[in-house]
Amino acid sequence: MAKYVIGAAGALLAALVGAWLMLAPFALAYQGSGADWADPTYVDFWTGLPLVVISVIGLILYASGLVEELRRRGIMPRPYATPAGQPQEAPGNQGANATGSENNMEQILLPLLTAMLKDMQERDRERDGAHAGTPNNVQQTRSAGEEGSVRR
Amino acid sequence: MAPQARIGLITTVIAFFAGIWLFLAPFIVEYQKVGQDWIDATKNDLWTGGALIAISALTLILFAAFALHDAVRAAERKSAETEE
């Protein structure tokens with residue numbers, strides 16, 4: 001983990017050096033303002049600009065490596081964490097991605113389906129209870145119960 | 001090592017070579033004549049180039065050292081698990 005911090009610190013310092021290089025000709029006044037750029041100004045500016053860009057890219061990459069490492073160690077939570085009951089997939093296991101996403105979908109839908117099932121069973125039970133007192137409707141209740149409900 | 005870190009290392013190597021370029025630029029571009037007193041631009045480029053070389057080299061060395069340290073610890077942990 002420390003290696004990413006060192007890399008990021010080095011990239012940050014290199015970016016600052018690049019920014020200094022872009023400003024130095026004017027800060028040290030070896031480039032007069034308004035005058036045509038001299039050779040040292042061209043060299044410093046066109047070395048400093050790519051250096052800033054490359055170092056910022058490096059800084060972002062080292063930082064993302066650090067974040068990845070923190071997530072791998074469980075210090076930082078993943079943005080799309082898997083449910084607690086489901087085992088986490090290995091990072092290199094690309095082949096099982098399709099199956100993994102199906103499992104995720106099942107995990108998401110399972111509580112919804114369970115709740116729907118429970119609701120339907122409760123409604124059936126209530127209907128059975130309401131019609132139990134009226135003997136004329138026994139046949140109707142049974143047929144209504146068989147129509148759209150799920151029984152265990 | 002994360003793939004991002006590998007590309008990050010490449011950017012550090014590029015910064016190292018940029019430092020070498022800065023160090024040599026006054027004499028290659030010939031705005032500093034050999035044997036004459038150094039002008040401000042030369043002094044700035046030499047100091048900045050030197051600093052950039054030092055920063056990049058130190059980053060690379062420390063990164064390699066910590067990466068090796070992590071690899072050794074991982075290998076030790078693996079061997080301990082297999083022994084159990």
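The values are calculated or read from the model by the stated rules, or taken from the named source; none is laboratory data. Quantities reported herein were computed from a predicted structural model and do not represent experimental measurements. A quick note on method: Cβ atoms are made from the backbone with ideal geometry, for glycine too, and the neighbour counts reach across all protein chains shown.
Quick notes
- Matching residues, the stretch A:22-40, being in contact with a helix residue (DSSP H, G or I) (Cβ under 7 Å, 6 or more places away or on another chain) and at the interface with another protein chain (Cβ under 8 Å from one of its Cβ atoms): A:ALA24, A:PRO25, A:LEU28, A:TYR30, A:PRO40
- Evaluation of B:ALA51 against (1) at the interface with chain A (Cβ under 7 Å from one of its Cβ atoms); (2) closer than 30 Å to A:ARG71 by Cβ (one fails), failing number: (2)
- Selection from the stretch A:23-49 of residues that are surrounded by 15 or more Cβ atoms within 10 Å (Cβ to Cβ) and within 37 Å of the chain's Cα centre (by Cα): A:THR47, A:GLY48
- Inside the stretch B:23-41, residues that are touching a residue at least 24 places away in the same chain (Cβ under 8 Å) and in contact with a Pro (Cβ under 7 Å, 6 or more places away or on another chain) make up a count of 0.
- Number of residues in the stretch B:23-41 that are part of a loop (DSSP other than H, G, I, E, B) and surrounded by fewer than 18 Cβ atoms within 10 Å (Cβ to Cβ) equals 9.
- Residue in the stretch B:13-35 that is over 11 Å from the mean Cα position of the chain (by Cα) and hydroxyl-bearing (Ser, Thr, Tyr) present: yes
- B:GLY49 vs. criteria assigned to a helix (DSSP H, G or I), under 17 Å from the mean Cα position of the chain (by Cα), of a type outside the set (D, E, K, R) and within 15 Å of A:VAL17 (Cα to Cα): yes
For every residue, the table says whether it meets (1) more than 7 Å from chain A (Cβ to nearest Cβ); (2) surrounded by fewer than 13 Cβ atoms within 10 Å (Cβ to Cβ); (3) free of Cβ contacts under 8 Å to residues at least 12 places away in the same chain; (4) more than 18 Å from A:TRP20 (Cβ to Cβ).
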position: B:ALA15; (1), (2), (3), (4): no, no, no, no
position: B:ALA18; (1), (2), (3), (4): no, no, no, no
position: B:TRP21; (1), (2), (3), (4): no, no, no, no
position: B:LYS43; (1), (2), (3), (4): yes, no, yes, no
position: B:SER56; (1), (2), (3), (4): no, no, no, no
position: B:GLU81; (1), (2), (3), (4): yes, yes, yes, yes
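- Residue, modelled with the lowest pLDDT, within the stretch B:26-47, restricted to residues that are among the polar types (S, T, N, Q) and closer than 23 Å to A:PHE45 by Cα: B:GLN32
- Selection of the stretch B:48-64 for residues being more than 16 Å from A:LEU12 (Cα to Cα) and at pLDDT 95 or above yields B:GLY50, B:ILE61.
- Matching residues in the stretch A:1-21 - criterion: being of a type in the set (Val, Ile, Thr), facing chain B (nearest Cβ under 8 Å) and closer than 19 Å to B:GLN4 by Cα: A:ILE6
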